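Please read the structure below before turning to the comments.
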Amino acid sequence: MPAAPSGPATSEMIPLTRDLTALRAHAKAMRRHVLRMAEIVGQGYVGQGLGIADVLAAVYFSELRTRPAEPTWPDRDRFVLSIGHYAIGLYAALAEAGIIPVEELSTYGADGSRLEMSAPETTTGVEMTGGSLGHGLTQSVGMALGLRLQGRDARVFNLLSDGECQEGSTWEAALAGAHHQLDHLIALIDCNNQQADGAPSKVMGIEPLHEKWAAFGWHTQRVNGHDFPALLAAFAQIRTTPGKPHAIVVDTLMGRGVKAFEEREKNHFIRVAPEEWSLANRQLEETA
Amino acid sequence: MTGNILTSDAAGAAKTETAPFGHALVRAGETDTRIVGLTADLGKYTDIHVFADKFPTRFFQMGMAEQSLIGAACGLARTGLVPFATTYCVFATRRAYDFIAIGAALGRANVKIIAGLPGLTTGYGGTHQGIEDLALMRSIPGLTVIDPCDAIETAQATAAIAQHDGPVYMRLLRGVVPVTLEADYKFEIGKARLLVDGADVAFISTGLMTTRALEAARTLAASGVKAAVLHVSTLKPFDRAAVAALLARVPRIVTAENHFITGGLASAVADLAVDERLPIHLKRVGIPDVFCESGSLPYLAERYGLTAAHLVSAAQEVLR
Ligand SMILES: Cc1ncc(C[n+]2csc(CCOP(=O)(O)OP(=O)(O)O)c2C)c(N)n1
Ligand SMILES: [Mg+2]
């Protein structure tokens with residue numbers, strides 16, 4: 001099949017950088033957005049939003065080729081959020097990248113808002129409706145197959161969770177990704193050591209994850225999801241490893257950047273008292 | 001309005017009970033040691049944690065894997081146990097449909113599937129709102145399908161299905177659950193209950209919509225309209241005798257369900273009217289043919305037409 005024609009570059013791409021100071025500044029700004037959204041709703045997935053901010057900053061500002069003014073550009077790299085409840089983190093990234101307006105973040109979770117607590121694909125910048133967990137990698141495989149068939153030079157990044165490593169569909173898609181040698185497919189597996197009923201080790205053991213993904217035929221790496229040099233090195237290694245899909249298991253800390261949330265008893269759904277928010281904001285500013 | 005997505009449906013209820021399913025399952029489990037529990041990473045969110053705390057060795061956490069959950073429940077049943085498996089409506093019925101149809105129903109496994117977040121009892125949009133689960137479950141031969149109204153009925157139905165031999169799908173009202181039926185209410189599998197009699201118009205309702213039908217009947221009574229309320233908590237097997245008797249007596253009918261208006265209660269009533277050649281004037285109140293938005297529960301009930309006021313208007317329409 002001939003390559004589908006892509007139109008001329010009508011808009012600017014997000015400028016990508018490997019500068020650590022710049023990436024950390026993006027992550028900090030995203031965490032501020034997360035706290036603002038979470039405070040309005042009063043509770044919720046603030047732990048996930050803070051925990052994933054560094055990984056999302058690394059993806060959106062060092063890897064992902066997208067055009068903020070043209071979100072449906074056919075040659076864009078796809079970022080597929082499987083875990084719909086991490087929407088708070090995604091919206092922060094989309095706002096920081098200029099794909100949705102920062103002012104709109106104040107409507108997060110409100111009746112009638114498109115920034116639903118679980119991200120719907122009708123919202124600009126959201127590639128797939130996640131939230132029924134275990135869908136993300138299956139659709140990412142399809143996108144990777146489709147982009148390759150059409151000769152588009154685009155990659156697919158899928159963020160999934162440790163909990164999703166229990167869904168059979170995740171492993172069915174993992175087989176397919178390796179079988180079809182989708183080396184432009186990257187699965188980021190967020191290990192925050194948490195799911196609805198507690199830690200995965202208590203709920204349903206999933207380790208050793210590195211060995212599992214490798215055994216399924218994926219080029220696998222495992223890094224600290226708050227270590228920007230390690231994240232960038234992992235992305236660099238992907239570019240020099242052809243023939244296989246890529247898994248990066250990222251170990252993250254829920255609530256990262258706000259000491260009070262990092263230290264509280266881990267919970268899938270955090271309840272925050274109204275008076276705690278000013279402390280949270282202060283602690284975020286004090287964190288390097 | 002912001003932040004109301006997490007408002008529970010019990011907001012404003014005069015009387016409530018906490019985790020009626022979990023406590024009823026403990027009571028059943030105390031006398032019947034065949035009863036075991038399972039969940040797919042939703043123990044805390046489906047009230048079965050009460051059973052898990054009481055009987056830790058009789059509880060199996062299956063992880064977030066709904067097909068495996070239902071399959072394992074069927075396997076447990078084949079060893080003579082009585083498994084209660086919990087998750088949300090959407091994940092049980094959409095993800096594990098084949099496992100319910102074949103493992104539980106065709107295989108006649110004695111499993112009880114307890115499914116949370118029916119209809120618009122969650123603000124989390126199309127991925128979490130079980131709007132077509134009753135239609136899916138009613139379409140499976142041999143499956144018993146129940147949609148309880150309140151805390152009292154949830155507890156009674158839990159006890160009843162524990163004794164019943166055969167696969168059951170029951171919708172779950174979880175957490176702080178309103179008490180809206182009278183204290184002398186008696187649940188029986190397969191039996192509809194006439195809660196209020198009236199000759200002008202009849203509400204035929206299921207699940208939590210019965211609470212709203214009772215409210216609508218009170219509103220209508222104030223303006224001199226006598227409305228009956230027939231509560232049909234067992235969708236399958238359907239109480240054809242009780243419903244047909246009402247249709248014959250009161251042909252102006254409003255059905256009310258916290259579910260898609262096709263494939264659930266309204267369809268069962270319409271099928272029966274056709275089969276029995278009963279001329280009725282039917283208005284269906286339920287969720288329209290769309291995936292619903294995300295939002296607070298009062299907002300959703302208003303937006304998709306499920307309030308008591310909507311039932312009053314529907315009754316006035318069939319009376320015209
Ligand atoms: C198929 C499916 N089953 C169950 C759920 C309910 N659920 C929502 S989040 C969650 C926990 C999943 O684990 P993870 O994504 O690791 O959670 P977190 O780290 O955010 O606590 C569960 C079971 C769901 N959304 N989808
Ligand atoms: Mg997790």
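The values are calculated or read from the model by the stated rules, or taken from the named source; none is laboratory data. Computed from a predicted model, the values in this text were never measured in an experiment. Quick reminder, even Gly has a Cβ in these numbers, built from the backbone with ideal geometry, and neighbours come from all protein chains shown.
Every residue in the stretch B:180-199 that is surrounded by fewer than 19 Cβ atoms within 10 Å (Cβ to Cβ) and β-branched (Val, Ile, Thr), please. Reasoning before the result, please.
The first filter runs over the stretch B:180-199 and keeps only residues surrounded by fewer than 19 Cβ atoms within 10 Å (Cβ to Cβ), leaving B:182-186, B:188-191, B:194, B:196-199.
Correct list: B:ILE189, B:VAL196.
Exactly one condition in (1) touching a residue at least 40 places away in the same chain (Cβ under 8 Å); (2) over 12 Å from A:TRP218 (Cβ atoms); (3) surrounded by fewer than 24 Cβ atoms within 10 Å (Cβ to Cβ) is false for A:VAL156; which is it?
Just one mismatch for A:VAL156, condition (3).
Can you name the residue in the stretch A:159-172 that is more than 15 Å from A:THR220 (Cβ to Cβ) and more than 16 Å from ligand 2 (Cβ to nearest atom) and is also farthest from the other protein chains (Cβ to nearest Cβ) among such residues? Talk me through it step by step, then tell me what you get.
Initial filter on the stretch A:159-172 (more than 15 Å from A:THR220 (Cβ to Cβ)): A:159, A:161, A:163-164, A:166-169, A:172.
In the following step, the residues that additionally are more than 16 Å from ligand 2 (Cβ to nearest atom) were identified as A:168-169, A:172.
Details: A:GLY168: 6, A:SER169: 8, A:GLU172: 11 Å.
Ranking the qualifying residues of the stretch A:159-172, first place goes to A:GLU172.
If A:GLY217 satisfies all but one of (1) under 19 Å from A:ALA173 (Cβ atoms); (2) within 16 Å of ligand 1 (Cβ to nearest atom); (3) part of a loop (DSSP other than H, G, I, E, B), what's the number of the condition it fails?
(2)
When both residues are 6+ apart or on different chains and their Cβ atoms are under 6 Å apart, which pairs have a first residue that lies in the stretch A:177-193 and is under 12 Å from A:ASP162 (Cα atoms) and more than 14 Å from chain B (Cβ to nearest Cβ), and a second that is away from ligand 2 (no atom under 16 Å from the Cβ) and acidic (Asp, Glu)?
none
If we only count strands (runs of 3 or more DSSP E) wholly inside the stretch B:52-154, which ones have 1 or more residues that are over 19 Å from the mean Cα position of the chain (by Cα)?
Values: elements: B:59-61, B:82-88, B:112-116, B:144-146.
In the stretch B:52-154, B:59-61, B:82-88 are the strands (runs of 3 or more DSSP E) which contain 1 or more residues that are over 19 Å from the mean Cα position of the chain (by Cα).
With the condition kept exactly as written, say whether any residue in the stretch A:62-80 is within 14 Å of chain B (Cβ to nearest Cβ) and either aromatic (Phe, Trp, Tyr) or surrounded by 15 or more Cβ atoms within 10 Å (Cβ to Cβ) (or both).
Scanning the stretch A:62-80 turns up no residue that is within 14 Å of chain B (Cβ to nearest Cβ) and either aromatic (Phe, Trp, Tyr) or surrounded by 15 or more Cβ atoms within 10 Å (Cβ to Cβ) (or both).
Residue by residue through the stretch B:34-51, note down the ones that are surrounded by fewer than 23 Cβ atoms within 10 Å (Cβ to Cβ) and either away from every other protein chain (no Cβ under 14 Å) or of a type in the set (Gly, Ala, Ser) (or both).
B:ARG34, B:ILE35, B:VAL36
Does the stretch A:88-107 contain any residue that is outside any helix (DSSP H, G or I) and either within 16 Å of ligand 2 (Cβ to nearest atom) or over 25 Å from A:PRO15 (Cβ atoms) (or both)?
Residues of the stretch A:88-107 that are outside any helix (DSSP H, G or I), as a first pass: A:97-101.
Now restrict to residues that are either within 16 Å of ligand 2 (Cβ to nearest atom) or over 25 Å from A:PRO15 (Cβ atoms) (or both): none.
No, the conditions are met nowhere in the stretch A:88-107.
Taking the stated definitions as given, is B:LYS191 basic (Lys, Arg), more than 26 Å from B:LEU300 (Cα to Cα) and either assigned by TED's automatic domain parsing to the domain that holds B:ARG249 or touching a residue at least 40 places away in the same chain (Cβ under 8 Å) (or both)? Steps first, answer last, please.
Numbers: basic (Lys, Arg): yes; more than 26 Å from B:LEU300 (Cα to Cα): yes; either assigned by TED's automatic domain parsing to the domain that holds B:ARG249 or touching a residue at least 40 places away in the same chain (Cβ under 8 Å) (or both): yes.
It is true that B:LYS191 is basic (Lys, Arg), more than 26 Å from B:LEU300 (Cα to Cα) and either assigned by TED's automatic domain parsing to the domain that holds B:ARG249 or touching a residue at least 40 places away in the same chain (Cβ under 8 Å) (or both).
Need at least 1 residues that are within 22 Å of B:GLY125 (Cα to Cα) and within 14 Å of another protein chain (Cβ to nearest Cβ) per element, so show me which helices (runs of 4 or more DSSP H) inside the stretch B:249-320 make the cut, counting only ones lying wholly within it.
Values: elements: B:265-275, B:297-303, B:308-319.
Answer list for the stretch B:249-320: B:297-303.
Name the residue, out of A:GLU207, A:GLU211, that is away from chain B (no Cβ under 11 Å), without any contact (Cβ under 8 Å) to a residue 12 or more places away in the chain and within 16 Å of ligand 1 (Cβ to nearest atom). Break it down stepwise before answering.
On the way: A:GLU211 fails: within 16 Å of ligand 1 (Cβ to nearest atom).
Matching residue, one of A:GLU207, A:GLU211: A:GLU207.
How many residues does the stretch A:108-139 contain that are of a type in the set (S, T, N, Q) and more than 26 Å from A:PRO15 (Cα to Cα)? Lay out the reasoning, then the answer.
Residues of the stretch A:108-139 that are of a type in the set (S, T, N, Q), as a first pass: A:113, A:118, A:122-124, A:129, A:132, A:138-139.
Pick out the ones that are also more than 26 Å from A:PRO15 (Cα to Cα) and you get A:113, A:118, A:129, A:132, A:138-139.
So the count comes out to 6.
Only residues that are polar (S, T, N, Q), more than 8 Å from chain B (Cβ to nearest Cβ) and within 10 Å of ligand 1 (Cβ to nearest atom): list them for the stretch A:194-204, please. Talk me through it step by step, then tell me what you get.
Quick first cut of the stretch A:194-204, residues polar (S, T, N, Q) only: A:194-195, A:201.
Pick out the ones that are also more than 8 Å from chain B (Cβ to nearest Cβ) and you get A:194, A:201.
Across the stretch A:194-204, the qualifying residue is only A:GLN194.
So that you can scan it fast, the table gives a plain yes or no per residue for (1) at positive phi; (2) under 16 Å from the mean Cα position of the chain (by Cα):
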position: B:THR180; (1), (2): no, yes
position: B:PHE187; (1), (2): no, yes
position: B:PHE203; (1), (2): no, no
position: B:ARG212; (1), (2): no, yes
position: B:VAL225; (1), (2): no, no
position: B:HIS231; (1), (2): no, yes
position: B:ASP271; (1), (2): no, no
position: B:ARG277; (1), (2): yes, no
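Kindly establish whether B:GLY80 is in the same structural domain as B:THR57 (by TED's automatic domain parsing), at pLDDT 95 or above and surrounded by fewer than 24 Cβ atoms within 10 Å (Cβ to Cβ). Don't jump to the end; show me each part of the working.
Details: in the same structural domain as B:THR57 (by TED's automatic domain parsing): yes; at pLDDT 95 or above: yes; surrounded by fewer than 24 Cβ atoms within 10 Å (Cβ to Cβ): yes.
Here the answer is yes, as B:GLY80 does meet what is asked.
Of the residues A:ALA144, A:ALA174, which single one is more than 30 Å from A:GLU262 (Cα to Cα), in contact with a His (Cβ under 7 Å, 6 or more places away or on another chain) and assigned to a helix (DSSP H, G or I)? Lay out the reasoning, then the answer.
Numbers: A:ALA174 fails: in contact with a His (Cβ under 7 Å, 6 or more places away or on another chain).
Answer to the selection: A:ALA144.
Any residue that is within 12 Å of chain B (Cβ to nearest Cβ) and under 14 Å from the mean Cα position of the chain (by Cα) - is there at least one of those in the stretch A:92-111?
Taking every residue of the stretch A:92-111 in turn, none turns out to be within 12 Å of chain B (Cβ to nearest Cβ) and under 14 Å from the mean Cα position of the chain (by Cα).
Can you tell me how many residues within the stretch A:37-52 are away from ligand 1 (no atom under 11 Å from the Cβ) and facing another protein chain (nearest Cβ under 8 Å)?
Going through the stretch A:37-52 one residue at a time, the tally reaches 4.
Within the stretch A:177-214, take every residue that is within 12 Å of ligand 2 (Cβ to nearest atom) and in a strand (DSSP E or B) and give me the one that is surrounded by the fewest Cβ atoms within 10 Å (Cβ to Cβ).
A:GLY198
Does the stretch A:228-248 hold any residues that are in contact (Cβ under 8 Å) with a residue 60 or more places away in the chain and either in contact with a Ser or Thr (Cβ under 7 Å, 6 or more places away or on another chain) or assigned to a loop (DSSP other than H, G, I, E, B) (or both), and which are they?
So in the stretch A:228-248, the residues in contact (Cβ under 8 Å) with a residue 60 or more places away in the chain come out as A:228-229, A:231-232, A:235, A:243-248.
Across the stretch A:228-248, the qualifying residues are A:LEU232, A:PHE235, A:GLY243, A:LYS244, A:PRO245, A:ALA247.
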